[in-house]
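Heads up: the structure comes next, in structure tokens.
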Amino acid sequence: MAARPLVSIFSLTGEKSGETALPNVMTAPIRPDIVQFVHTNMAKNSRQAYAVSIRAGKQVSASSWGTGRAVARIPRVGGGGTSRSGQGAFGNMCRGGRMFAPTKTWRKWHRKINVTQKRYAVSSALAATAVPALVMARGHRVDEVPEIPLVLDNAIESSKKTSAAKDILAAVGALEDVEKAGDSKKIRAGKGKMRGRRYVLRRGPLIVYASNDGVEQAFRNLPGVELCCVSRLNLLQLAPGGHMGRLCVWSQAAFDSLDTIYGDDGKNIPQPAMINADLARIIN
């Protein structure tokens with residue numbers, strides 16, 4: 001866990017311009033089990049219902065021939081004069097029959113999650129964004145990034161042009177991660193490419209701001225880059241796929257407001273059950 005007292009603030013040209021205190025939420029316990037559980041259930045809440053037609057496979061007139069004719073008792077299509085007559089129907093083992101247990105739209109699609117668990121997961125994911133090892137393990141390219149967590153001057157919130165956004169990311173060494181995401185763009189495997197989900201690509205940096213004075217327009221067209229307001233932090237963005245350690249680029253205002261959102265006057269910061277989790281060291 002990151003427990004440094006001060007974090008550097010960088011200007012838009014990449015020079016160090018000041019320091020700020022590390023928010024307390026960045027020292028929360030890192031619990032991958034809670035993050036993965038909450039992410040799995042949250043991701044289910046944006047699904048649309050699907051089901052097969054209730055008439056599929058049942059649109060023929062068929063009845064069983066009964067016993068005594070040395071054939072299976074499955075319903076069979078009536079009539080004559082065509083290859084379809086006499087063929088088995090309706091059953092899930094029959095050609096042209098319905099599926100087993102036809103899917104229904106009233107399946108339980110969505111999941112309720114405890115508010116305390118959701119808050120614990122977001123706190124853990126925030127703490128993980130401040131650990132360089134976890135950010136690198138997620139696959140982000142941070143070799144040129146001067147410091148993690150990466151905090152920039154508030155002027156980033158008023159940048160309006162994508163060309164300026166690229167220059168800012170290049171100045172702080174985060175453009176390599178954007179290029180990695182852009183180079184990873186591939187055509188999706190499977191049916192989704194026919195359904196408006198043709199391309200897939202890796203995730204890049206997450207830009208966290210306090211007020212949108214143009215920053216959304218500047219960064220939204222860069223591949224893999226996502227934006228989020230600090231008052232609406234989303235676990236699906238902080239830990240994509242349930243894997244903690246997203247590379248976050250903070251504005252100073254957003255970074256400082258974490259102490260207002262989390263703490264004595266805001267949301268509760270989880271406390272570790274053990275100060276020292278090295279049980280063998282305690283016993284010995």
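Exactly one residue out of Ala51, Ala70 is among the hydrophobic types (A, V, I, L, M, F, W, C) and open to solvent by less than 90 Å² (accessible area, probe 1.4 Å): that is Ala51. When Tyr120 is tested against (1) open to solvent by less than 70 Å² (accessible area, probe 1.4 Å); (2) assigned to a loop (DSSP other than H, G, I, E, B), just one condition goes unmet, and that condition is (2).
Every residue, every condition in (1) within 21 Å of Pro29 (Cα to Cα); (2) open to solvent by less than 40 Å² (accessible area, probe 1.4 Å); (3) outside any loop (DSSP other than H, G, I, E, B), yes or no:
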position	(1), (2), (3)
Pro223	no, no, no
Gly245	yes, yes, no
Ala253	no, yes, yes
Ser257	yes, yes, yes
Thr260	yes, no, yes
Gln271	yes, no, no
Met274	yes, no, no
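When Lys160 is tested against the conditions (1) open to solvent by less than 30 Å² (accessible area, probe 1.4 Å); (2) part of a loop (DSSP other than H, G, I, E, B); (3) over 22 Å from Gly18 (Cβ atoms), the lone failure is (1). Does the stretch 55-67 contain at least one residue that is under 22 Å from the mean Cα position of the chain (by Cα), in a loop (DSSP other than H, G, I, E, B) and crowded, with 17+ Cβ neighbours inside 10 Å? For the stretch 55-67, residues under 22 Å from the mean Cα position of the chain (by Cα), in a loop (DSSP other than H, G, I, E, B) and crowded, with 17+ Cβ neighbours inside 10 Å: absent. Can you spot a residue in the stretch 230-242 that is touching a Phe, Trp or Tyr at 6+ places or on another chain (Cβ under 9 Å) and either open to solvent by 50 Å² or more (accessible area, probe 1.4 Å) or at positive phi (or both)? Looking through the stretch 230-242, at least one residue is touching a Phe, Trp or Tyr at 6+ places or on another chain (Cβ under 9 Å) and either open to solvent by 50 Å² or more (accessible area, probe 1.4 Å) or at positive phi (or both).
Here Ala210 does not fit the description of being more than 22 Å from the chain's Cα centre (by Cα), at pLDDT 95 or above and either open to solvent by 30 Å² or more (accessible area, probe 1.4 Å) or not small (Gly, Ala, Ser) (or both).
The values are calculated or read from the model by the stated rules, or taken from the named source; none is laboratory data. Note that the structure is a prediction, hence the values are computed from the model and not measured. Methodologically, a virtual Cβ is constructed for each residue, glycine included, from the backbone with ideal geometry; neighbour enumeration extends over all protein chains shown. Accessible surface areas use protein heavy atoms only, side chains included; no ligands, DNA or RNA. Shrake-Rupley method; radii C 1.70, N 1.55, O 1.52, S 1.80 Å.
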